[in-house]
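The values are calculated or read from the model by the stated rules, or taken from the named source; none is laboratory data. Computed from a predicted model, the values in this text were never measured in an experiment. Here the Cβ positions follow ideal geometry from the backbone for every residue, glycine too, while neighbour counts run over all protein chains shown. Ligands, DNA and RNA are stripped out before the accessible areas are found, and what is left, the full protein with its side chains, is counted by its heavy atoms. Shrake-Rupley method; radii C 1.70, N 1.55, O 1.52, S 1.80 Å.
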Amino acid sequence: MRIKPYSINNVQIEDTIATAPAAPTNATALSSGSGGTGIVGEVDTEDIIIPRLNIVQNVGQMAEMFNAGAVVLNKEVELPTPLELTILTARKQFVENLPFDSEEKPRVFDTLAEVKQAGGTIEWEGNVRPSYNPVLHVQVIFAAPEGFADYALPLDYNGHAYGLAIWTLRGVAYNRAGKNILTAARFSLRDGLVFGKWELTTKKEKFGRNSVVVPVLRNAGRNTPDFVNWVKSIGG
């Protein structure tokens, strides 16, 4: 699957259109079991479709349908912000930078050692951009915003609707939000990302003469043990 990065004044922007490679596959919410679902046969993560969260930029196909800064689910509906969410899994990889119109498939590596072995770089060298960028694939469960009734969300906890989504963070989005997630996993959420509660909004930042929409991900406390147990039971 191909990512099409683009830049404004040498600032790489998160692509809001292309699907990302290798989304997380070890989330509790993706586990399968026969149970009483009526499904017969072997079911794995390749059979499960989870919508994506995208943040709309000033340019691109989605900008024709939504305002810049909108948080959009499945390229279909805007989610009001702040959006309360819990992170289930986060997977860091390194994705090759290719020209926007390239027909090649970007190479994807799990480690920096693999990038270096392939002759790649992740730092600017003078005016030469890095050949690979870090990317964080995040699986989240989010609460339906107050009064939101524009999309049928599949989950219910104590009478409140919840949805699952994949969110891919690269470029500015990785620096603004992805690093917050990785830092929390190292310190405040060492017992598991699922114990953390976050609020997602967006804002515009100036890079040179251009404005870029960036995610703002703020810690909103911890989830209750009952909520965590419910999340862990999804799909079990």
Over the stretch 127-144, the set of residues open to solvent by less than 70 Å² (accessible area, probe 1.4 Å) and farther than 22 Å from P215 by Cβ is S131
Residue hits (the stretch 165-199; closer than 15 Å to A220 by Cα and of a type in the set (F, W, Y)) are F195, W198
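When you go through G163, G147, G159 one by one, which is the residue that is more than 15 Å from A90 (Cβ to Cβ) and buried (at least 21 other Cβ atoms within 10 Å of the Cβ)?
G163
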Going through the stretch 106-130 one residue at a time, which ones are touching a Leu at 6+ places or on another chain (Cβ under 9 Å) and either over 12 Å from E96 (Cβ atoms) or of a type in the set (S, T, Y) (or both)? none
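Results for (1) under 24 Å from E146 (Cα atoms); (2) open to solvent by 60 Å² or more (accessible area, probe 1.4 Å); (3) part of a strand (DSSP E or B); (4) not β-branched (V, I, T), shown as yes or no for each residue.
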| residue | (1), (2), (3), (4) |
| --- | --- |
| N54 | yes, no, yes, yes |
| A68 | yes, no, no, yes |
| E78 | yes, yes, yes, yes |
| T86 | yes, no, yes, no |
| A90 | no, no, yes, yes |
| F94 | no, no, yes, yes |
| P99 | no, yes, no, yes |
| S102 | no, no, no, yes |
Positions within the stretch 170-201 being surrounded by 16 or more Cβ atoms within 10 Å (Cβ to Cβ) and either over 26 Å from E96 (Cα atoms) or in contact with a His (Cβ under 8 Å, 6 or more places away or on another chain) (or both), in sequence order: A184, L189, L193, V194, F195, G196, K197, W198, L200
Scanning the stretch 132-186 for residues that are assigned to a helix (DSSP H, G or I) and of a type in the set (V, I, T), the one nearest to R107 (Cα to Cα) turns out to be V172
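Checking the structure you have, find out if any residue of the stretch 15-23 is part of a strand (DSSP E or B), touching a helix residue (DSSP H, G or I) at 6+ places or on another chain (Cβ under 7 Å), at pLDDT below 90 and among the aliphatic types (A, V, I, L, M).
Scanning the stretch 15-23, I find no residue that is part of a strand (DSSP E or B), touching a helix residue (DSSP H, G or I) at 6+ places or on another chain (Cβ under 7 Å), at pLDDT below 90 and among the aliphatic types (A, V, I, L, M), so the answer is no.
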Pairing a residue in the stretch 118-145 that is more than 21 Å from T168 (Cα to Cα) with any residue that is aromatic (F, W, Y) and surrounded by fewer than 18 Cβ atoms within 10 Å (Cβ to Cβ), where Cβ atoms lie under 9 Å and the two sit 6 or more apart in sequence or on different chains, gives A118/F109; G120/F109
Scanning the stretch 211-234 residue by residue, those surrounded by 16 or more Cβ atoms within 10 Å (Cβ to Cβ) and closer than 19 Å to L164 by Cβ turn out to be P215, L217, N223, F227, V228, W230, V231, I234
Please determine, by comparing only the residues of the stretch 187-236 that are of a type in the set (K, R) and not in a loop (DSSP other than H, G, I, E, B), which one is nearest to L88 (Cα to Cα). K232
